[in-house]
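Just so it is clear, none of the values below were taken in a lab; they were calculated from the coordinates. Nothing here was measured: the structure is a model prediction, and the numbers come from that model. All Cβ positions, even for glycine, are placed from backbone atoms using ideal geometry, and neighbour counts span all protein chains on display.
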Amino acid sequence: MSRWLGPAFVVAGLVNILGMLLVSRGFSNELLAQAQPQVFSPFGQAMICVWGLAYIAVARAWQALPWLCLVFFVEKMAYVGAWVWWWWASAERFAPIFEQDRLTGLFMAGYGPNDLAFALVFLCAFVLARRQHKAGPQSGRMQAP
């Protein structure tokens with residue numbers, strides 16, 4: 001089961017980096033920044049790319065870093081919460097955003113479920129890494145980073 005987790009970290013990172021660069025049009029998409037400024041300001045967009053770099057950096061060593069996997073889970077859940085809040089407080093803004101820019105609209109519709117999926121990946125990594133740490137290297141289950 002754990003064989004797919006390292007590649008999943010890379011995919012999570014690439015989705016963050018390439019997805020944000022595409023949707024933000026190189027941090028110049030004002031509609032995205034206006035749609036949810038507390039999350040998608042140009043600085044927020046850049047930080048999403050930085051998180052993506054962090055996921056990629058950990059991809060080969062996640063088993064040795066269970067608590068960092070948990071941090072990634074919490075971070076992704078913060079974005080899920082922001083997405084839920086946006087839909088609860090601003091759903092009426094979705095249609096005009098979608099009409100003005102379909103890519104931004106699709107992003108606003110889907111970033112929450114996407115982040116939830118990767119949050120579950122990071123939670124799974126945390127649970128597996130903690131089990132391996134508790135079992136210890138003598139069990140033969142822990143792999144070197």
**OP:** Report the normalised scattering of the range 57-109 as log10 I(q)/I(0) at q = 0.21 Å⁻¹, calculated by the Debye formula with identical scatterers on the alpha carbons.
**Re:** -0.76
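Please report, to one decimal in angstroms, the Kirkwood hydrodynamic radius of the chain built from all distinct Cα-Cα pairs. The partial results should precede the final answer.
Numbers: mean 1/r = 0.0623 Å⁻¹.
Kirkwood hydrodynamic radius for the chain: 16.1 Å.
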Original post:
Sorted from fewest to most neighbouring beta carbons within 10 Å, what does the list 47, 108 look like?
Top reply: 47, 108
